[in-house]
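Right, one structure below, let's go through it.
The values are calculated or read from the model by the stated rules, or taken from the named source; none is laboratory data. These figures come from a predicted structure and were not determined experimentally. Cβ coordinates were reconstructed from backbone atoms using ideal geometry, including for glycine residues, and neighbour counts include every protein chain displayed.
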Amino acid sequence: RAKVKAKITKPTSFTAKKANEVWCWDISYCPSRVKGQYYYLYMIMDVYSRKIVGWEVYECESGDYAARLLERTVWAEKCLRSQLVLHSDNGSPMKSMTMQSKMVDLGVASSRSRPRASNDNAYSESLFRTVKYHPRWPSEGFESLEDARLWVQSVAIWYNTEHRHSRIKFVTPEPRPNGDDIEILLRREELCKKKKKQNPQRWSSDTRNWEYIKEVELNPEQHKEAA
């Protein structure tokens with residue numbers, strides 16, 4: 001009798017210990033000023049630094065457009081064939097042959113949301129939520145595709161260089177890939193300790209934890225989540 005081949009199970013959890021090890025991406029619609037017409041925002045984020053490394057706005061969802069954006073982003077970040085993992089949900093553009101073929105060409109490994117796991121692309125969902133709740137989000141819709149692109153460009157710069165991200169100890173994403181946030185956090189810790197020493201009666205507990213985030217997990221395994 002022929003032996004039954006053992007099922008190969010792909011890992012569903014990844015740990016990023018530096019920039020450009022794990023990315024996540026998704027597509028979200030942006031309304032135009034014409035009822036029923038939408039533009040589609042593609043965004044790629046580095047999980048470790050929370051930096052927006054790639055984005056584009058198109059008139060439709062397409063595996064071809066996604067592959068084009070991924071290639072451009074990989075070259076821009078200089079991480080060709082570097083064992084990068086790209087996580088996404090199970091949408092059609094994500095699973096398209098064009099996108100999968102491009103990932104193979106670039107040496108990018110695929111990771112997709114687990115069945116019936118609604119929070120498996122939480123980093124991308126959080127990013128889009130921040131973008132769409134930005135004070136300058138045009139609630140009446142975008143005038144044109146070019147208008148949408150210009151707006152997203154400005155917000156991506158703001159997000160990377162000005163937005164203090166709560167999950168990376170309220171530093172901006174921009175300094176984190178090079179480890180420049182370490183010095184920022186050390187200065188904050190020293191300042192807090194100094195303030196507490198000067199006015200101990202104003203501090204009812206320990207100072208805020210400014211410890212450097214050394215690694216970030218994508219979809220940690222069940223036993224870790226329960227810990």
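Considering every residue within the stretch 157-178, establish whether at least one is farther than 22 Å from E77 by Cβ and assigned to a helix (DSSP H, G or I).
First pass over the stretch 157-178, keeping only residues farther than 22 Å from E77 by Cβ: 164, 166, 169-170.
From what is left, the residues that are assigned to a helix (DSSP H, G or I) are 166.
Checked the stretch 157-178: at least one residue is farther than 22 Å from E77 by Cβ and assigned to a helix (DSSP H, G or I).
Basic (K, R), touching a residue at least 12 places away in the same chain (Cβ under 8 Å) and touching a His at 6+ places or on another chain (Cβ under 9 Å): which single residue out of R112, R136 fits that description?
R112
Among the numbered conditions (1) surrounded by 12 or more Cβ atoms within 10 Å (Cβ to Cβ); (2) modelled with pLDDT of 90 or more, tell me where K193 comes up short.
Single failed check for K193: (2).
Can you pull out every residue in the stretch 59-117 that is at pLDDT 95 or above, of a type in the set (S, T, Y) and part of a helix (DSSP H, G or I)?
Y65, T73, T98, S101
Would the stretch 34-54 turn up any residue that is closer than 17 Å to S110 by Cβ, out of contact with any Gly (no Cβ under 6 Å at 6 or more places or on another chain), at pLDDT below 95 and outside any strand (DSSP E or B)?
No, that holds for no residue.
Let me confirm something: among E217, E146, which residue is part of a strand (DSSP E or B) and either touching a strand residue (DSSP E or B) at 6+ places or on another chain (Cβ under 7 Å) or modelled with pLDDT of 95 or more (or both)?
On the way: E146 fails: part of a strand (DSSP E or B).
The match here is E217.
Would you be able to tell me the number of residues in the stretch 41-84 that are over 18 Å from S28 (Cα atoms) and either among the aromatic types (F, W, Y) or surrounded by fewer than 19 Cβ atoms within 10 Å (Cβ to Cβ) (or both)?
So the answer is 10.
Every residue in the stretch 45-81 that is free of Cβ contacts under 8 Å to residues at least 60 places away in the same chain and among the charged types (D, E, K, R), please.
E61, D64, R68, E71, R72, E77, K78, R81
Where the second residue is in a loop (DSSP other than H, G, I, E, B) and modelled with pLDDT of 55 or more and the first is farther than 12 Å from V85 by Cα and lies in the stretch 1-29, which pairs have Cβ atoms under 7 Å and are six or more apart or on separate chains?
Pairs that qualify, where the first residue is farther than 12 Å from V85 by Cα and the partner is in a loop (DSSP other than H, G, I, E, B) and modelled with pLDDT of 55 or more, are K17/K214; K17/E215; K18/Y48; D26/D89; D26/N121; I27/E61; I27/G91.
Could you give every pair whose Cβ atoms fall below 8 Å, whose first residue belongs to the stretch 162-173 and is farther than 9 Å from L185 by Cβ, and whose second residue is modelled with pLDDT of 95 or more and small (G, A, S), counting only separations of at least 6 or pairs across chains?
I168/S49; P173/S49
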